[in-house]
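Just so you know, all these numbers are worked out from the coordinates, no wet-lab data involved. The structure presented is a predicted model; accordingly, all values stated were derived computationally and were not measured. Counting neighbours? That spans all protein chains shown, and the Cβs are built from the backbone with ideal geometry, glycine included.
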Protein chains: 2
Amino acid sequence: MKNQKNLVALKNFLKSKDLDFLLLPNSDQFFSEYLPQNQKRIEYLTGFTGSNAWVVFGQEKSYFFTDGRYILQAQNELDLEEFEILNIADKPLIRWLQENIGTKKIAIDSKILSVNFVKTLLNFSQNIVFLEENPIDEIWQNRPNSSNSEVFFCDEKVVGLNSWQKRQKILPQITADALIITKSENLCWLLNLRASDIDFTPFLLAYAILFKSGEVELFVDKSRLKDIENSNLEKVKITETYAFEKRVRDLSKELKTLQIDEKTTNYWLYNFLQINGCEIINKSDVIELQKSIKNSAEIYGAIESHKSDGLAVTKFLFWLQKSLKEGQEIDELKAEEKLLEFRQQSSEFLYPSFRSISSFAANGAVIHYHSSEKTNKKIAGNSLYLIDSGGQYLGKNFCGTTDVTRTISIGKPSSEMVENFTRVLKGHIALARAKFPHNTCGADLDVLARFHLWQAGLNYDHGTGHGVGAFLSVHEGPCAISKRSRQELLPGMILSNEPGFYKAGEYGIRIENLMLVEKFDEKFLCFRTLTLAPIDPNLIDFKMLTYPEKKWLINYHEQIMQYFSTKINQEILLWLDSICVKFNSFV
Amino acid sequence: MKNQKNLVALKNFLKSKDLDFLLLPNSDQFFSEYLPQNQKRIEYLTGFTGSNAWVVFGQEKSYFFTDGRYILQAQNELDLEEFEILNIADKPLIRWLQENIGTKKIAIDSKILSVNFVKTLLNFSQNIVFLEENPIDEIWQNRPNSSNSEVFFCDEKVVGLNSWQKRQKILPQITADALIITKSENLCWLLNLRASDIDFTPFLLAYAILFKSGEVELFVDKSRLKDIENSNLEKVKITETYAFEKRVRDLSKELKTLQIDEKTTNYWLYNFLQINGCEIINKSDVIELQKSIKNSAEIYGAIESHKSDGLAVTKFLFWLQKSLKEGQEIDELKAEEKLLEFRQQSSEFLYPSFRSISSFAANGAVIHYHSSEKTNKKIAGNSLYLIDSGGQYLGKNFCGTTDVTRTISIGKPSSEMVENFTRVLKGHIALARAKFPHNTCGADLDVLARFHLWQAGLNYDHGTGHGVGAFLSVHEGPCAISKRSRQELLPGMILSNEPGFYKAGEYGIRIENLMLVEKFDEKFLCFRTLTLAPIDPNLIDFKMLTYPEKKWLINYHEQIMQYFSTKINQEILLWLDSICVKFNSFV
């Protein structure tokens, strides 16, 4: 009912201004994956808690656009008398707008829409109304403040290069007099700084300008900076956030050209630069590729983070099977909490790298499921439990980001579950053991993870792998393993390997490890699996495995034993050993 | 020496006209895969007999560009004091021209260069001299005449649709007033006619114009048309070839717009149309996709052609092993000839669909090898024999084009050869048995054929599969199975499946079948293997095969037995049965 009142207020606003629609994306001016609380306008107005959403609010009816992962969730969370839910796969937003706007007046907040998007919009509609203020911000009661979290600096030892060295790698790709950095993860990586402005990701939400000289001007309130003397921030000028507009206006006059990426720069800023007479050079993100190729310190950090993380996951998996065997009552939320406790035993663990997906039985088939009091299932009976989780790690000697999924048999899973889990596993192993020539991209390899599912007429409706940051975002570009990813895989990139299978209303399967791209020899590259957590042997039909697949499983679990044998108690050790014995007995 | 005299004459021409270079492609005005004898200018001047070549002739030195497949061959065939050989993979022709032309004058014959190419050239050079006549044609002594072969018509029953029906499928894609058809295979397919203007492919080399009304004007000398009354050529006007220029000039004035494909239209024609005031609409080949999706009669034709072809290959393979066992001396040329004899036993066989690659031992590593008196090897000792061949078939009830490669053990092949053959076979089978969702392209599947080679650090430097025509070209677009092919695979397409492995100086392995894309169910497609010829069990390490791979081999050979059991003598039947028994014994 709270939402309904807000919606009425918005409708009144539209009526009072004689606007037909307000178009609202689920983003802020930084276009990061996660939003700070005070930017979750769609959640405030509609109750929807997923990440991908666009809403066209109307005076009468509103239209809600999301993708296949969130359709079920939207149907649960939205007031269906107010919102028509559309799947962007069937009806892309832009196409819907082309077909439905006509001469109607549509209002936008150009501070939270990219240049690319608004240019597309302007191509087919003459009735775009650019709002000065976002009307939801005016309606919003008890809106949270900006977090303004403390900004801290990563030691050069931990991130491998100081900011000045990193800038030298980027400068050759700046063709203008300066680059405006609008994407938070680029700023954090380039300046070796972090903050806690949003959940799960150590981002500082701020803008910066990188000049051709290598100098940087960072727009952040000085009061937020901790330990600035030890920041190693050579040639970085700090300017208060409020002064950004004025500074950019001045720069537009001083400099001939400014470089931006129109995909991740908001239209308001672009327009502001243009008005002030600056020539804008649009070039695709020049920091992203460099950031994705981890240096040796970042690789060391990834390996160490995965040791800590894998230990927590292994303890959790032991705890789960033991507790269930002992007849304890465990539900999704309890399990999620327990896994967090195990992670917190590591002194380097900061917080989860995303909200865990702790899902039993039918909930496992909801790919981006998050358990709540309403949906929480007891883990009991005969089915599968799927747990997808990760952590952000920061210690004295390393930092890193993890992401791991395990699917566990509960009771006696059906032979269909076992067969499908084995097919997912065969795909996972094929990708994990792949050697591939230089100049191979993710799209070239994607089928390896799908082949054994396809042979049974099955598939999964998501990519096979995404890039992962170094103590940054758990989803990072430009590399990926999917049908569409044309980015060449290069040594130092870290990607997930996460094929799955989902049977709606019944169960979900996913096996996810992170992998590092390594050089195998002069001609070939290969993956090194970073994640360390046992795979449930009870879900494997060993008759379906080839010798190299079994060998991979044995080696993988022996590696886990080797890392953890001195770090776990006798009870867990015996359990882990029994898993290894099982794998060995099937060769 | 003959070539040297010709080269001198060409150099004199360049000097007399004050030209620095003549740029010559290995093509004619129709841009087909094979050239008629009187268009083989590069062969006449340089002695090179391969297909891919570009030559920049200079007053002093000349530059010869080809790809990796032909570098060795060019080194053998060219006078290396006259020609510098360049691999286009290392030094693309266009890049070389950009770096080396400068202000030099470079002459071209715009009748044998595409619009695309000449436009690129004009982008960076102001000194292009357009020749009225090709100087080689003037030098050329005893130049063969155009073949002017008889044009014949394919019965509707054999090709499935009459020309008028085919035109209805193409018309919606013509956005201009008319389409100029410059690619021979499109003309032959659209009008259901064929001729013998070039080797291996039943092409009529001619132009035609398809009007928006569906009417066609075909430019060919009437004297070449056989049985024109029964041609079913509704609404086709025949105009003599010599009148083409005049007719096009008139049309340029009559019609507002003319559609061409700049990739396969020569620049001379494009320029001629422009001069005469016609607006040209450039659109990628609109006939190609339709042609690649075989109708039921074409599919029936492919199946029947493969039965005839497979029978010949099976008899040949039996003959080869038997003759060698009996101690007969057999060499590459003799084997090639014998295979032709077996094919000729079929009344529907017309001629080979390309020059056979009959190669023993080290010759097998030359991917596009053609045996000659000079290179002919005796098939003896311990190694591998590779035979890649195909046929054009035309009977009363069907027509079709085939392409098949088998690699055969001679003596006792090494365990390395056996291992690598098995890896190639595993890739071949993975692709052959693949089920894949709709909207999958060849690039998505390519890795399936390579994975098992990659795991051993091996690879092959060619695509995995090409499209194949229906009694047309053995290499046909737009579909392919390769890293680069983004064309969606659609039911009715026919493609080759031909992974290989080549060890320079030692041996070559390739296993090639043609496959038809079929609908498996509402969500998935699959391949149906068309080629019917046994695979040598002596080259397989059965321990390396999985159960589904063995099962595929058994089913495949049982199918061969089933088709041929009534068509072969007892001796061959027993041999074939012994192969089946061997496959069965290893499950």
Under 1.5 on a/c is rounded, so check that first for segment B:314-371, then, if it is not, pick prolate when a/b is larger than b/c and oblate when it is not; a ≥ b ≥ c are the square roots of the alpha carbon gyration tensor eigenvalues.
oblate
Restricting to chain B, what percent of DSSP beta bridges are antiparallel, rounded to 5?
75
For segment A:113-239, report the % of Cα-Cα distances exceeding 18 Å.
62
For segment B:489-553, count the residues as N, evaluate 2.2 N^0.38 Å, and divide the Cα radius of gyration by that value, please.
1.38
Between copies, how far apart are the B:LYS325 label points? List them in nm, one decimal, shortest first, with each point 7 Å from Cα toward Cβ, please?
6.0
Chain B: D in µm²/s via Stokes-Einstein (Kirkwood Rh, Cα pairs, 10 °C, 1.306 mPa s)?
62
Farthest towards the positive end of the dipole of the protein assembly as shown, among A:PRO534, A:HIS452, B:LEU445 and with Cβ unit charges of +1 on Lys and Arg and -1 on Asp and Glu, lies the Cα of A:PRO534
When the C-alpha atoms of segment B:207-359 are aligned to their principal axes, what extent does each axis show, in angstrom, from largest down?
72, 33, 32
So what is the 222 nm mean residue ellipticity for chain B from helices alone, if each DSSP H run of at least 4 adds -39500 (n - 2.57) and you divide by all residues, rounding to the nearest 500 deg cm²/dmol?
-10500 deg cm²/dmol
Largest first and rounded to whole Å, the semi-axes √(5λ) derived from the alpha carbon gyration tensor of segment A:1-105 read 19, 17, 14
With a Förster distance of 25 angstrom and the Cβ-Cβ distance between A:ALA243 and A:ASN148, calculated FRET efficiency to the nearest 0.05 equals 0.95
Alpha-carbon radius of gyration plus Dmax, which is the widest Cα pair, for the protein assembly as shown in Å
33.9, 100
Between B:ASN382 and B:ARG486, how many nm apart are label points set 7 Å from Cα along the C-beta direction?
5.0
Of A:LYS283/B:LYS483; B:LYS17/B:LYS111; A:LYS322/A:LYS377; B:LYS212/B:LYS283; B:LYS15/B:LYS105; A:LYS157/A:LYS222, which ones are farther than 22 Å apart at the Cα?
A:LYS283/B:LYS483; A:LYS157/A:LYS222
Taking loop as defined by DSSP and a crowding limit of 13 other beta carbons within 10 Å, which GluC sites (Glu not before Pro) in segment A:221-257 fit?
A:GLU234, A:GLU240
In terms of Cα to Cα distance under 14 Å, which aspartates and glutamates are near enough to A:LYS412, apart from those fewer than 8 places away along the same chain?
A:ASP536, A:ASP541
Per residue of B:435-445, other chain Cβ atoms within 10 Å number on average 4
Can you give the FRET efficiency to the nearest 0.05 for A:ILE303 and A:VAL8, using r as the Cβ-Cβ distance and R₀ = 56 Å?
0.55
Among the helices of chain B (complete DSSP H runs), which have Cα atoms covering no less than 27 Å along the helix axis and a Kyte-Doolittle mean of at least -0.5?
B:296-325
Radius of gyration and Dmax for segment A:77-149's Cα atoms, expressed in Å?
15.3, 44
Sum of side-chain charges, A:THR405 neighbourhood, beta-carbon under 11 Å (Lys, Arg +1; Asp, Glu -1)
-2
Cut-off 12 Å between beta-carbons: net charge of the residues surrounding A:LEU514, Lys and Arg +1, Asp and Glu -1:
-3
Please give, to one decimal in nm, the separation of the simple spin-label points placed at B:LYS325 and A:ASN538, each 7 Å out from Cα toward the Cβ.
5.6
In Å³ and rounded to a whole number, note down the convex hull volume per residue for the Cα atoms of segment A:358-516.
127
For B:PRO437, which inter-copy label distances result when the label point lies 7 Å beyond Cα on the Cα-to-Cβ vector, reported in nm to one decimal and in ascending order?
2.8
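From the mean inverse distance of alpha carbon pairs (Kirkwood) and the Cα radius of gyration, derive Rg over Rh for segment A:373-418. List each step's numbers first, then the result.
Values: Rg = 16.0 Å, Rh = 13.3 Å.
Value, to two decimals: 1.20.
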Compactness ratio of segment B:466-587: Cα Rg over 2.2 N^0.38 Å, N = residue count?
1.23
I'd like the GluC sites (Glu not before Pro) in segment B:121-223 restricted to DSSP loop residues with at most 10 other Cβ atoms within 10 Å, sorted by number.
B:GLU132, B:GLU133
One point scatterer per Cα, no solvent, Debye formula: log10 I(q)/I(0) for segment B:418-480 at q = 0.28 Å⁻¹ comes out as -1.19
Once you list every other residue whose beta carbon is under 11 Å from the beta carbon of A:VAL118, what net charge do they have if Lys and Arg are +1 and Asp and Glu are -1?
0
Computed label-point distance, nm, for sites A:TYR547 and B:LYS551 using a 7 Å Cα→Cβ extension
2.1
If you filter segment B:435-543 for GluC sites (Glu not before Pro), then keep DSSP loop positions with at most 11 other Cβ within 10 Å, what is left?
B:GLU522
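Greater than 18 Å separation of Cα atoms is the criterion. Which listed pairs, A:LYS543/B:LYS551; A:LYS426/B:LYS426; A:LYS91/B:LYS519, meet it?
A:LYS91/B:LYS519
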So the label point sits 7 Å from Cα along the Cα-to-Cβ vector; using that for A:ASN145, what distances do you get to the other copies, in nanometres, sorted shortest first?
9.7
